[in-house]
């Protein structure tokens with residue numbers, strides 16, 4: 001705008017220079033010319049103003065476009081945030097659902113565990129009552145043996161009840177005195193008193209099963225009587241040697257080592273070809289060592305492999321073990 005005014009002034013100066021020396025007689029024409037110029041100036045001002053207005057409007061449009069773009073970007077971010085919030089809410093719901101299921105599963109496992117413990121306790125109580133009933137039945141076996149029907153406390157074959165180390169069973173009790181067995185020729189046997197018979201009146205095989213069944217329930221006193229009665233009643237039977245061995249075992253289990261040694265010795269002399277002969281000789285040697293007759297006991301232990309080379313490997317290995325334990329070779333060398 002300022003440039004336009006300067007241009008108009010410069011134009012007027014140039015316009016009036018030719019008329020400086022002339023007269024002003026023709027004032028009317030000059031006034032008309034000035035009015036025309038004034039009109040042209042107003043026309044130019046309007047054009048310039050409209051141009052500025054159009055420029056300002058274009059600037060406003062650009063600003064509005066920028067604002068519109070910013071609003072679009074903000075809207076997209078808000079939508080994205082809303083979507084993320086929804087996904088987070090879904091994950092939270094799933095997490096809470098999983099926690100609920102885990103709590104429910106934990107409660108169920110606790111219930112099952114308590115139920116199993118209760119069932120196991122019932123089974124143990126039932127087993128204890130069954131064992132008590134069996135022992136009561138054994139104590140009243142004389143009343144149950146009627147019409148050739150035997151009620152056996154056990155049904156399986158007896159097994160080796162194992163050995164007890166002489167070092168672990170040393171005792172100072174006066175009731176168990178050590179006695180010397182000088183030689184295998186002299187046998188100290190127990191005088192069997194005439195008591196009421198407890199074996200059923202049936203075959204020797206069933207009598208043997210009945211006698212050995214008391215070992216399975218731990219009634220060693222009754223087993224001692226029954227096995228001794230079987231040996232005396234069936235001295236020539238093939239099971240007599242086995243019965244004699246189990247008879248000796250009833251003493252060893254009760255730590256009556258002198259009586260056990262005598263019973264083993266009797267079995268060794270009377271039944272040298274019995275199936276239990278090798279283990280009977282081994283137990284004889286161990287019992288002799290336990291009552292203080294170590295020299296004679298070692299002779300019996302080392303003689304197991306010599307007299308019964310075809311015996312069961314477990315018996316031969318046990319004999320070697322007892323031989324090393326009692327240091328038999330060292331003392332007899």
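We did not get these values from a lab; they are worked out from the coordinates using the rules stated. Predicted model only: the values in this text are computed from it and were never measured.
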*Provide the gained length on full extension for the span residue 270 to residue 107, in nm with one decimal, where the gain is 0.36 nm per separating residue minus the Cα-Cα distance.*
51.8 nm
*Could you please state, rounded to a whole Å, how far the C-alpha centre of the stretch 220-235 is from the C-alpha centre of the stretch 293-333?*
29
_Stretchable slack from residue 305 to residue 80, in nm (0.36 nm times residue separation minus alpha-carbon distance)_ = 71.7 nm
*Is the shape of the stretch 229-333 rounded, prolate or oblate, going by the alpha carbon gyration tensor and its root eigenvalues a ≥ b ≥ c, with a/c under 1.5 for rounded and a/b larger than b/c for prolate?*
oblate
